[in-house]
Amino acid sequence: MDLNAYALWLLGAREYSVARLRQKCTEKYPEQPEEIEILINNFVQNKFLDDERFCEVMIRSEIRKGNGKPKILQKLLQKGVEMPLAKTQCDALIANTDLFDPAWTLAEKKKIQIERKYPDLSDYEKRNKLTQYLAGRGYSYDLIKEVLGEF
């Protein structure tokens, strides 16, 4: 499989950031750095590869998985998206999304797990465990407080 076919095969499977596609192609074809850059520039010009579209897809996916803004930003940066673009896209999409429902669903599931695993904990300790869990998923303290107010 040549470089062009490999890159198209990768993009056919899912969205990639420019940096991540460059990394994957360089790992497979380390002897062709100039060709990789030409290919990536061509893909960007023809809209086969678009960091904004990648951000949108990734953010929506992470929201469905129950992750909050800080965790989503961290994952975007790990995938090679530049900070200004990641922050702008994250702010825009999260502003139009209600994070209460995914956070509440996660809290409800985790509460059942905590009650099964730690039946002797006080309510205060259970709330602390839920708070730590939701904070670890990247939710703000205000949202966590609102979610836990429903329990």
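Summary table below
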item	result
Nearest-20 debye value, the range 15-151 charge dipole, Cβ charges on Lys, Arg, Asp, Glu	580
Tail beyond 20 Å, pair distance distribution of the chain (Cα, percent)	57
Cβ-Cβ FRET estimate between Glu82 and Asn42, R0 fixed at 22 Å, reported to 0.05	0.60
Karplus-derived 3J(HN,Hα), 6.51/-1.76/1.60, for each residue of the range 16-23, Hz, glycine and proline x	10, 7, 4, 5, 5, 5, 4, 5
At R0 = 22 Å, FRET efficiency that the Cβ-Cβ distance of Ala92 and Gln132 yields, to 0.05	0.15
Above-threshold pairs, the threshold being 27 Å between Cα atoms, out of Lys87/Lys110; Lys24/Lys129; Lys47/Lys87	Lys87/Lys110; Lys24/Lys129
Residues of the range 1-33 with amide N under 20 Å of a point placed 7 Å along Cα→Cβ from Ser61	6-28
Gained length - Leu3 relative to Asp142, 0.36 nm times residue gap less alpha-carbon distance	45.2 nm
Per-residue ³J(HN,Hα) for the range 73-85, Karplus 6.51 cos²θ - 1.76 cosθ + 1.60, θ = phi - 60°, Hz, x for Gly and Pro	4, 4, 5, 4, 5, 5, 7, x, 7, 6, 4, x, 5
Cross-link pairs Lys117/Lys145; Lys79/Lys117; Lys75/Lys117; Lys79/Lys145 - those with Cα-Cα distance over 26 Å	Lys79/Lys117; Lys75/Lys117; Lys79/Lys145
For the range 100-148, the spread of Cα positions along each principal axis, largest first, Å	28, 17, 16
Helix-derived mean residue ellipticity, 222 nm - over the chain, DSSP H n ≥ 4, -39500 (n - 2.57), to 500	-23500 deg cm²/dmol
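Every number in this text was worked out from the coordinates using simple rules, so none of it is lab data. Fair warning: this is a prediction, and the values are worked out from it, not measured in the lab. All Cβ positions, even for glycine, are placed from backbone atoms using ideal geometry, and neighbour counts span all protein chains on display.
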